[in-house]
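Okay, so here's the structure we're looking at.
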Amino acid sequence: MSKAQQNANIQAEKQLIQRINEAGMSEGGKRAGLLRKIIEILTHQLSPMIPMYMENVLSFINDKLPETRKIIIAFIEELSTNFPENLPKVISNLQLLVTDPVVAVQKRAIQAASVIYKNVLTWLCSSTNEQEAKLVWEHMNKTKLLILNMIDSENEGIRTHAIKFLEEVVLLQTATNSSSTDFSLNNISKSLTFINQDALEEEAEHIFQLLLKFHNSQHISSVNLMACMTTLIALAKCRPKYLPRVLQALGDLHTTLPPTLSQSQVNSVRKHLRIQLISLVKQTSVNDMIPQLLQLLTDIGMTQQEINKVVPKEKRHKRVLALATASESKSDSPAKRLRLDSPPLSQGSDSNSNSRIDFDDDSSQSSKTSLVSEDTLFDGLNSIDNVINLVLATLVNNLPNEMPNTFLMNYKPIPNSGSKPQIRHLAKMIHAVIKGEPELPVTPAPVPLPVPAPVTKIPLLSEDDEKITLKNAVAKLQETTKDRQVENAVTKLMEETRQEFIKEGERKAKEKEKLVPPQTPTVPKLKQKVKLLKLQEITRPIPKEIKEKIMLQAVARILHADKEAAIGGAAQIRAKFITIFASSYTPDIRELVLNYILEDPLNRIDLGLAWLYEEYAYMQGFNRHPVTLQKISDKHDENYSQLLCALVTQVCERGDPLMENSKEILLRRIYCEAPVVTLEAVDYLKHLVVEEKSILALELLEELCVVRPPRAHKYAPALVFHVLNENQDVRDFALKATVKIFKSGSDAVKKVVEKHALLYLGFIALDNPPSELISSRLNIRVWTDDLYKVCLNLVMALFMENDELIIDVARVYGCAGAEAKRCVLRAIESPLRAVAASAPPGTIPSAFHILLQDCPRGAETLLTRLVHILTDRAPPSPELVSRVRELYATRVSDVRFLIPVLNGLSKREILAALPKLIKLNPNVVKEVFNKLLGLQNPNNEILPVSPEELLVALHLIDPNKADLKFIIKATGLCFAEKQVYTQDVVSAVLQRLAEEQDTPVLMMRSVLQALTLYPNLGPLALNILQLLIDREVWSNKVAWEGWVKCCERLGSQATKVLIALPARALPSVPPNLARLIETTEGSNPFSPPPVSNPIEPLPPGME
């Protein structure tokens, strides 16, 4: 192998391992897609590694998605075709998939079984390991028997696939001519001792008869009928020996269609029959049956011209020759019995007609003077009713009163009575008597080749098959062997009668030969004391050890008599005996029965469940032990619990690789079908969650809570416990299942779940994480955000079902630390919004109302968050505003508590809180102004404060209550909203500020900002400057600086204002403005005004 190829294989193996890990952690369609890629890599790139990674692929056989299981079936099919050496490891999985509960998976498994069966036979012929070959053959036989039983399935598709599988079985188990290259019975090696070829061929004959019977059933569906018809035609093509019987069946079908078919279905069936017959005519193997085929084509409505088109030329000549021969012998022999009852049916004729088609050609009969022939006698003797009537008539008319001695001495049982050669010989004898010929010597019928005994008549069964399977197989094929059973029973009865008659004659002869004893003299009888026999004197008690040993041996024999009980129809009685022995007798018997069940738990689980119900009956007092056994087992509750736990633990801990894929099915059956699940068994499920079967154990716990409501409150703690599990998948599954049972559970279940939810919630108030959280988390003894989230998951998930939990959350929140509070606020956001959204608009949920009325100490921030959520989707109600106002006045001093209900407060309250509000975080301040200005008003609330009043109030805030920098930022936010603060609004604000008695500190700053935003406000600014001159603005340093800057901004427009300054104010005028005054006073009043100074940069805060 080259280095490049080695590197490619290494990369492929890494990719394979990665996708196997991804498939194990994914679900649904993603897992199915990954599984397809895994199989493709394994079979096409890494085929030598199939034995290593095959178990990883087969582990998905119990996946919930049917598509995944169908992919596994395709994988097994490909292994059987291209890598048959792996058959011993995968063949048992096919048997499990054939019985899958999903119909689509079951049909795919049956379809694959047809291919696998042929591949198994091919592999057996080349296998060198006899033990593996025998194991594969036994599993394949069991699968074959399962599919054989499915021909009576309720699902139409399953029946169709079963028919196609049986077609393959018949073809593989029958011999073909030497020129054929297909695999058949001829190719099976004689060296395979565990395969009986004669039995296989006889089994194929039984299956073919079963298909014929199914084909002529009166209640078959149209789909199954056409499928069965196609199968019979295929068998006739490949195995010409079946052709006469197939033609007879098709003729019967044409004349007597099932009455359950509609007219459209009848037309479809007839069309399909026509197509199949045309395809059959073209086969070279049907040359001998051409006349019968052509007659059948004529009967189904084909014209002579249509027949000539489909029949090859060489076959037409044979047909003409056959018709000429028939016409020449017409005067000497009776007419052909092609139609005895009615003329040919048209296409629209009644499908329930009783007319028949007989393809026997009477021209070949040896007798030309009588209609009676050996064949008709042979057919008559094959009817049980005819034989019974013949025997009864003989017994009534010719039976002597006593059995002749010659008959007793010379009679010998007829060998092979009921066989076809014996019936044929009897028909010849009767035919000779009718013709008056010399009676044929009574010779024993020729003995055919030895056939298997009746017990092994059905080779589908092996010695290790279970009782129910054997019973089903016997019931399936009992009709085909009915004639032979009747004849065997009659022969046995006659032999027993003859033996009894001989014994009776011998006894009478001996009595006659007895000598008569001589007479004795009479002696007076003396009275003798009769001694009574006592059982204790003539018997000895069996020792206890021997008794117990005998009991064990007896029970062991009953345990291993499953096949005999199934054949005799005593399977239920046997199971009842075993359960009574196990529940009523010694511990040794209990152990013996338990070991027997655990030897093959998959097939003996029904017996284990029956034993569980027997123990439950004794535990509840429904059954009572006899007085002699009451001392042996008086602890019924312990016995039941021990048995249940033993079954569960032994199934889970069993190391048999063949049982690995069946453990899930067995556990589900035990937990779901047991009469009661004890707490010990539930604890074992908790133990399984810690191990590899976590999801299975959680599913069982959820199912127990759902399907067993009276005891659900006892099973719920085991499920809720895993809400704290360190595994994310386990935690999510447990949380989802807990919420589900909380919704549908009883009050007791809800109390248990709420109790655990509040317990986990209380953990966050502790200084260190409790032992429930650190037991499996590497001893982490400090709180983290993940631990807080784990504790809060359950209570948050239950909010939608019980909103009153908010009160308990608030109580714990008040006692928790800062980090815990932060996590609670983050986690509770979504549940609170969901609860608020579910309430009718304008109303407060009752639990929220209680929290507003009685808020625990320390939970004020939680209450604030709650109020924010309540006012997001609707305006605050008067009740809410009143309660918030009261809490702000008495309990909550944080002004942020008022923000959600700002628009519900009065103007006076808003203006009073304004100095505190502008000190908050800039983002919060922006949110406040958005509310006050109506920028965030989806509910069209009435604004208590107009934009004009808000800006005026900001200018009038006392600098002692709020720093000027906060007021400047607040006014800047207002001026930034140009769609609210238009030129008219700003003009009104400036006018109101100018009318104030005391000039506001930031008034001139706002004038400058107004001029920057709206230059058209220059005249208003001049009026304000003139007004300030009257108030001696130069005496106020801050106002004077703003007055000067405003004049500089106005430029030449401020000339009139500057001229109006009194002389005492001129020393305070800056030089640039002084020069402007001088220039104005010395210039011509009619000269154009000088060019104003360029615009200076904006003052600080105007950005």
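This model, with +1 at the C-beta of Lys and Arg and -1 at the C-beta of Asp and Glu, gives the stretch 232-312 a dipole about its Cα centre of some 260 debye. For the stretch 200-270, the square roots of the Cα gyration tensor eigenvalues, ordered a ≥ b ≥ c, give a/c of at least 1.5 with a/b greater than b/c, which places it in the prolate category. Once the Cα-Cα distance is subtracted from the 0.36 nm per residue extended length, the Gln553 to Ser268 segment shows a gain of 96.3 nm.
Could you please put Val223, Val682 in sequence from largest to smallest accessible area, using a 1.4 Å probe? Don't skip to the end; give the middle numbers.
Values: Val223 65, Val682 5 Å².
The ranking, largest first, comes out as Val223, Val682.
In the full protein context, the stretch 692-807 carries 47 Å² of accessible surface per residue, based on a 1.4 Å probe and ignoring ligands, DNA and RNA.
Remark: for residue pairs Lys70/Lys271; Lys237/Lys428; Lys144/Lys213, the C-alpha separation exceeds 25 Å in Lys70/Lys271; Lys237/Lys428. Here the stretch 1-157 is assigned +1 on the Cβ of each Lys and Arg and -1 on the Cβ of each Asp and Glu. Its dipole about the Cα centre then comes out at about 360 debye. Apolar share of the accessible surface for the stretch 804-847: 59 percent from carbon plus sulfur atoms, 1.4 Å probe.
Using packing as a proxy for protection, rank 147-159, 912-924 so that the peptide with the highest average count of other Cβ atoms within 10 Å comes first.
Details: 147-159: 17.8, 912-924: 16.1.
Result, highest mean Cβ count within 10 Å first: 147-159, 912-924.
Which of the three applies to the stretch 689-796, rounded, prolate or oblate, going by the alpha-carbon gyration tensor with a ≥ b ≥ c and a/c under 1.5 meaning rounded? Judged from the Cα gyration tensor, the stretch 689-796 comes out oblate (a/c at least 1.5, b/c at or above a/b).
Using θ = phi - 60° in the Karplus curve 6.51 cos²θ - 1.76 cosθ + 1.60, the 3J(HN,Hα) couplings for the stretch 709-715 round to x, x, 10, 5, 5, 8, 8 Hz; x is entered for Gly and Pro.
Rounded to the nearest percent, how much of the accessible area of the stretch 1-144 (1.4 Å probe, protein heavy atoms only) is carbon and sulfur? Ligands and nucleic acids excluded, carbon and sulfur give 50 percent. Taken per residue, the accessible surface of the stretch 1-79 reaches 53 Å², heavy atoms only and a 1.4 Å probe. What shape does the stretch 949-1066 take by its C-alpha gyration tensor, where a ≥ b ≥ c are the square roots of the eigenvalues and a/c under 1.5 counts as rounded, a/b above b/c as prolate, and the rest as oblate? Oblate shape, in that a/c is at least 1.5 and b/c is the bigger or equal ratio. Note on the stretch 79-165: Kirkwood radius taken over Cα pairs, Stokes-Einstein applied at 25 °C and 0.890 mPa s, translational D equal to 187 µm² s⁻¹.
Probe radius 1.4 Å, ligands and nucleic acids ignored: give me the carbon and sulfur share of the accessible area of the stretch 683-787 as a rounded percent.
Carbon and sulfur atoms account for 54 percent of the accessible area of the stretch 683-787.
Computed over every Cα-Cα pair of the stretch 1-134 and binned at 5 Å starting from 0, the pair-distance distribution P(r) comes out as 2, 10, 20, 19, 20, 14, 9, 5, 1, 0 percent. Against the criterion of solvent-accessible heavy-atom surface with a 1.4 angstrom probe, Lys563, Lys164 sort, most first, into Lys164, Lys563. Computed from phi, the 3J(HN,Hα) profile of the stretch 862-872 under the Karplus parametrisation 6.51, -1.76, 1.60 (θ = phi - 60°) reads 5, 5, 4, 4, 5, 5, 4, 5, 5, 9, 6 Hz, with x in place of Gly and Pro. Ligands, DNA and RNA are left out, and with a 1.4 angstrom probe the accessible area of the stretch 841-937 is 45 Å² per residue.
The values are calculated or read from the model by the stated rules, or taken from the named source; none is laboratory data. All of these numbers come straight from a predicted model, not from anything done at the bench. Reconstructed Cβ throughout: ideal geometry from the backbone, glycine too, with neighbour counts over all protein chains shown. Note: accessible area is taken over every heavy atom of the protein model, side chains too, but ligands, DNA and RNA are not part of it. Shrake-Rupley method; radii C 1.70, N 1.55, O 1.52, S 1.80 Å.
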